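The structure appears right after this line, and notes come after that.
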Amino acid sequence: MLSAEVIGNLGNDPEMKYGQNGSGRLQFNVAANFRARNQSGEWEDRAEWVRCTVFGQRAESLSNLLKKGSRVYV
């Protein structure tokens, strides 16, 4: 099983969707910012985008709390 920890900001408002059985699914994008050297050796800011999905009751509660720009730790 692969796992990762991501700290960043939401790039858009989360999307709440419901399956045929009524269970919720919340999807959102997190931008994790970091600094790296470019080919000329200068530091530059970069962002790595991570697509996240949350299911069930947790999805329901987070859909009311999260919005574009929210800081999250996933």
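For first residues located in the stretch 27-56 and closer than 20 Å to N9 by Cα and without any contact (Cβ under 8 Å) to a residue 12 or more places away in the chain, partners that are open to solvent by 30 Å² or more (accessible area, probe 1.4 Å) and basic (K, R) and lie 6+ apart or on another chain with Cβ distances below 6 Å form the pairs A36/R46. Of everything listed in (1) touching a residue at least 60 places away in the same chain (Cβ under 8 Å); (2) in contact with an Asp or Glu (Cβ under 6 Å, 6 or more places away or on another chain), the single unmet condition for V72 is (2). Applying the selection to the stretch 5-26, what residues are in contact (Cβ under 8 Å) with a residue 24 or more places away in the chain and either within 16 Å of V72 (Cβ to Cβ) or β-branched (V, I, T) (or both)? Those that are in contact (Cβ under 8 Å) with a residue 24 or more places away in the chain and either within 16 Å of V72 (Cβ to Cβ) or β-branched (V, I, T) (or both): E5, V6, I7, G8, N9, L10, G11, N12, D13, P14, M16, L26.
Counting the residues of the stretch 1-53 that are under 20 Å from K68 (Cα atoms), open to solvent by less than 90 Å² (accessible area, probe 1.4 Å), part of a loop (DSSP other than H, G, I, E, B) and not β-branched (V, I, T) gives 3.
The values are calculated or read from the model by the stated rules, or taken from the named source; none is laboratory data. These numbers were taken from a predicted model, which means no experiment stands behind them. Quick reminder, even Gly has a Cβ in these numbers, built from the backbone with ideal geometry, and neighbours come from all protein chains shown. Just so you know, the surface numbers come from the protein's heavy atoms only, side chains and all, with ligands and any DNA or RNA stripped out. Shrake-Rupley method; radii C 1.70, N 1.55, O 1.52, S 1.80 Å.
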